[in-house]
1. Look at Y22 and say whether it is of a type in the set (S, T, Y) and surrounded by fewer than 16 Cβ atoms within 10 Å (Cβ to Cβ).
2. Quick check on this structure: which one of I120, I38, I114 is farther than 13 Å from A20 by Cα, touching a Lys or Arg at 6+ places or on another chain (Cβ under 9 Å) and either surrounded by 16 or more Cβ atoms within 10 Å (Cβ to Cβ) or touching a residue at least 40 places away in the same chain (Cβ under 8 Å) (or both)?
3. For R64, state whether it is charged (D, E, K, R), touching a helix residue (DSSP H, G or I) at 6+ places or on another chain (Cβ under 8 Å) and part of a loop (DSSP other than H, G, I, E, B).
4. Identify the single condition in (1) of a type outside the set (S, T, N, Q); (2) closer than 18 Å to E26 by Cα; (3) surrounded by fewer than 12 Cβ atoms within 10 Å (Cβ to Cβ) that Y74 does not satisfy, given that it satisfies every other one.
5. Can you work out which of the residues in region 81-111 that are open to solvent by 30 Å² or more (accessible area, probe 1.4 Å) and in a loop (DSSP other than H, G, I, E, B) is farthest from K9 (Cα to Cα)?
6. Scan region 36-48 and give yes if some residue there is of a type in the set (F, W, Y) and at pLDDT 95 or above, otherwise no.
7. Here is a list: Y22, Y18, Y49. Which entry is assigned to a helix (DSSP H, G or I), within 13 Å of the chain's Cα centre (by Cα) and not acidic (D, E)?
8. Out of all the residues in region 53-62, is one or more within 23 Å of L127 (Cα to Cα) and touching a strand residue (DSSP E or B) at 6+ places or on another chain (Cβ under 9 Å)?
Amino acid sequence: MGRNPLNLKAISQNELNYFAGYIDGEGCLSVCAGSVTIKVDSCYPKVCYRLFKCFGGRFRHIKRKANSGKQRNYFSWVAHGEKAFLVVTALFPFLREKKDQARLFLKAHNTRGIAEKDKIGVKLKELKRLIYL
């Protein structure tokens, strides 16, 4: 089955760069149960909505319960599987902070077998444990 590439002609290189920077800072790349996922949560709706318009996936407004102790509502954009793979492939040249995570993410997507993918997912989680100086 051939890959259905994203229509990147509608997205400027400047915007791809911006999205990569946003994902470097606020994004989450994960592998769970053999599936790859990219997610951004933000109190600022425009970036999550623009990610949704450019790449598809799902855009949601998350309303916190009044008694949850958390006060701000937030917005979420998420893509899974092939769509997530295509997004990370498009943003890969522009990533800085999450470039190593993106490498593992792409490798996991192209690996056969849930167990093998999840082993890569464990390595991906290890990269997220930063030591701050």
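1. Here the answer is no, as Y22 does not meet what is asked.
2. Result: I120 is the single residue among I120, I38, I114 that is farther than 13 Å from A20 by Cα, touching a Lys or Arg at 6+ places or on another chain (Cβ under 9 Å) and either surrounded by 16 or more Cβ atoms within 10 Å (Cβ to Cβ) or touching a residue at least 40 places away in the same chain (Cβ under 8 Å) (or both).
3. No.
4. (3)
5. Checked region 81-111; the qualifying residue farthest from K9 (Cα to Cα) is T111.
6. No, region 36-48 contains no residue that is of a type in the set (F, W, Y) and at pLDDT 95 or above.
7. Only one candidate qualifies: Y22.
8. Among the residues of region 53-62, not one is within 23 Å of L127 (Cα to Cα) and touching a strand residue (DSSP E or B) at 6+ places or on another chain (Cβ under 9 Å), which makes the answer no.
The values are calculated or read from the model by the stated rules, or taken from the named source; none is laboratory data. Since the model is a prediction, treat every value here as computed from it, not as a measurement. When we count neighbours, we look across all protein chains shown, and the Cβ atoms used for this are built from the backbone with ideal geometry, even at glycine. For the accessible areas, the whole protein counts, side chains as well, though only heavy atoms, and no ligand, DNA or RNA atoms are used. Shrake-Rupley method; radii C 1.70, N 1.55, O 1.52, S 1.80 Å.
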